[in-house]
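In what follows, a structure is listed as structure tokens, so that the remarks can point back to it.
Please treat every number below as a calculation from the coordinates, not as lab data. It should be emphasised that the depicted structure is a prediction, and the values quoted were computed from it without experimental measurement. Here Cβ is always computed from backbone atoms with ideal geometry, including for glycine, and neighbour counts include all displayed protein chains.
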Amino acid sequence: MRTGRHLTGFVAVAILLCTGSFGLAGCQTNPYTGRSQLLMTSVDQEMQMGAQAYDQIKTDPKMKPSQDPREIEPVKRVAARIIEAAKRSKYADMAKQFQWEVTVIKDDKMANAFALPGGKMAVYTGIFPVAKTEAGLAAVMGHEVVHALARHGAERMSQGQLTNTALEVAGAAIGAGSDDSLLGQATMAALGVGAQVGVLLPFSRKHESEADYVGILMAADAGYDPRESIALWERMAQLSSGGQAEFLSTHPSHGTRIDQLKAWMPEAMAIYQKRSHVPASALPEVGK
Ligand SMILES: [Zn+2]
């Protein structure tokens, strides 16, 4: 428990210093929104944890990778364009450092996708009927990639939103490389794979708004019509009874989210107009 009190104290001090804008190593300003962020981990540590979480998910026998090229290829196409856009974005330095990888998981019931620190991504086939087209999928992946690049997972570990997370993170950082360095549920949830480990930890409203905003700019820069994001979130809201995916558990109330997207749309459209447009090809039907 001594470690626990020590870390909590550290967080409290760091928050005070962060808001006092002393330019601490633990503080960062989001390059798009100017929001001040408290971060107790380094990008290297986060990338390591992201890779570990990804390995853990991939070895779970319930997570079956799709073998169908009709499902895999559109996801790879969209991912490649979003990654290129990320490398041109204000997150370019980090995007170039990430070891990007995308897996399509065959689960027609799970309307979800995630991107971990370090650039490891997964798309569940259950998102296809919601995304409908590659442009819809670009809105989903743009949103998820921004959670990773904006270090939202690291931020919520640092904020200690789950009591044990900071302790687990410290443990994981120390234990990394040893045999018993498996990440615990709280860390996995903080990183953004909560639905997979049965711990629901939605991103905060600020994180969601940031991911929506920068996500549509990134999708537009990748050549996808950013207006698709509005139709996407409309369809997502209709699914809201499911409740297990990151998308379905989040909160900017639906009306607020749509109003915000509309307000940001002129900026996204200005970017989109300068790019060669990618057709909104339909995604394959699943679960039929
Ligand atoms: Zn989100």
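One table, with the values for the structure above:
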| quantity | calculated |
| --- | --- |
| Pairwise label distance in nanometres, residue 32 with residue 44, each label 7 Å out on the Cα-Cβ vector | 2.8 nm |
| Residues listed by number, segment 256-288, amide nitrogen under 14 Å from residue 230 label point at 7 Å toward C-beta | 256-270 |
| Of 109/274; 87/206; 132/274; 64/90; 62/206; 64/274, pairs whose Cα-Cα distance is over 29 Å | 109/274; 64/90; 62/206; 64/274 |
